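The values are calculated or read from the model by the stated rules, or taken from the named source; none is laboratory data. Quick caveat: nothing in here was measured; it's all calculated off a predicted structure. Note that we place each Cβ from the backbone using ideal geometry, even for glycine, and neighbour counts take in every protein chain shown.
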Amino acid sequence: MATTITMPQLGETVTEGTVAQWLKNVGDSVEKYETFVEVSTDKVSAEVPSPVSGTILEIIAKEGETVPTGAPIAVIQEIGGAEVAAPATHVPAAPTAPARPQADHGARAGSNGASVNAPDVLRRVSPAVRRLAREHRVELAGVRGTGAGGRITANDVIAAAAHGPASGVAAAIVAERPAPLAPASRTRPPTAPVPGELLPLTQARKIIAQRMVESKHTAPHAWTMVEVDVTNLWAWRQREKERFARDRGAPLTLLPFFVRAVVESLHAFPLMNARFTDDGILVHKDVHVGIAVALDSNLMVPVIRDADSLSIAGIALAAARLIERARIGKLSADDLAGGTFTVNNTGANGSVLSAPILNGGQAGIVTMEAVVKRPVVVDGDAIAVRSIMNVCLSLDHRVVDGAVASAFLVDLKKRLQAMGPSGSL
């Protein structure tokens, strides 16, 4: 019996996917639940497990090809099924490397002490693992893979980064390219482009560009901003952060405080937690808050589901898990689906003012800008130094008007300014 494998849907609004890498060739056997292909969208790379045990009969979609969700990408001949002749032509995939011992870290080494992988092994490294290697400055040529057929996995990269080149794991921790000195004796970041270089578009960057253009063309964006005095909130977070990190094992940033205030304001102004449809404005029952996470070459927005049901501490833990999964390339489609409103911490990059683009299908996106100490007029016309943060909101003017958006921001400002050291996490 032959089973046709189709492109999975990697999120509610995702309509297509790209075959990133075939891990099996035509004629290779595959076990049920074994990963045999990797697919990607602009937001996530996912390993697709086989639903059956059998043999790869046909590969339909080439590596790099983008096809609609539900479109056939491969055919598997199930074990015990009637034999079906393989088609005369098929799409060749990269040859599979001979199986290696899974934990053979005493393998041959190059002149620098790092093991040397064959080119076919390096071609089979997944996009997520390549991204992880770049982040940890790990040279993949020196990482001994423990996956099937010697395949390099995320755990192999993490182990190499943790042990370094002098360990039993044969790895070399290096920059992606030498960092030339700039005129002012500053080094170029390892991932910085070379002037005059044409950077090819990755599939992720192509789709991000499409989505951003669609959002700006589809939703009439409006923008507004308030200044928020977060002096007391800042003091509260400063008091709690060391104890929280020690007891909970996660950082306590301003983000969870901000998200908690946002979800309370969304309950007060539910029209901000809505989306425009041709049949009317759909006001969501659930509050699923997306948090923008900037990576080296991508921007991902994992979602804190039912954020209104979580305490500040609960939001901090949920955000820390999502951010870590994003950084190591382990976000799932479920992690990225279903957001109803987005929070962007642009202040982490030093920004004091920004006008974000709406996440498709949402009525609003709000930014936390950098906290800056400024002299301000306080009660009695006195001047005091306070910690001030700009909060910016982009909105879909088809869903909400300026009055509602301004009222939402004013409510958010009051909630943030009411937070202080007497509060509870």
What number of residues within the stretch 248-295 are surrounded by 14 or more Cβ atoms within 10 Å (Cβ to Cβ) and of a type in the set (D, E, K, R)?
4
Name the single residue that is surrounded by the fewest Cβ atoms within 10 Å (Cβ to Cβ) among those in the stretch 329-356 being within 21 Å of Pro256 (Cβ to Cβ) and aliphatic (A, V, I, L, M).
Ala348
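Just to be sure I understand, how many residues within the stretch 287-320 are part of a helix (DSSP H, G or I) and either under 20 Å from Asn359 (Cβ atoms) or among the polar types (S, T, N, Q) (or both)?
Selection size over the stretch 287-320: 6.
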Can you work out which of the residues in the stretch 344-355 that are touching a residue at least 40 places away in the same chain (Cβ under 8 Å) and either farther than 18 Å from Trp234 by Cβ or not assigned by TED's automatic domain parsing to the domain that holds His267 (or both) is nearest to the chain's Cα centre (by Cα)?
Asn344
Flagged in the stretch 280-310 as under 16 Å from Val400 (Cα atoms) and without any contact (Cβ under 8 Å) to a residue 60 or more places away in the chain, in numbering order, are Gly280, Leu282, Val283, His284
If we scan the stretch 387-407, do we find a residue that is in contact (Cβ under 8 Å) with a residue 40 or more places away in the chain, closer than 26 Å to Leu10 by Cβ and in a strand (DSSP E or B)?
yes
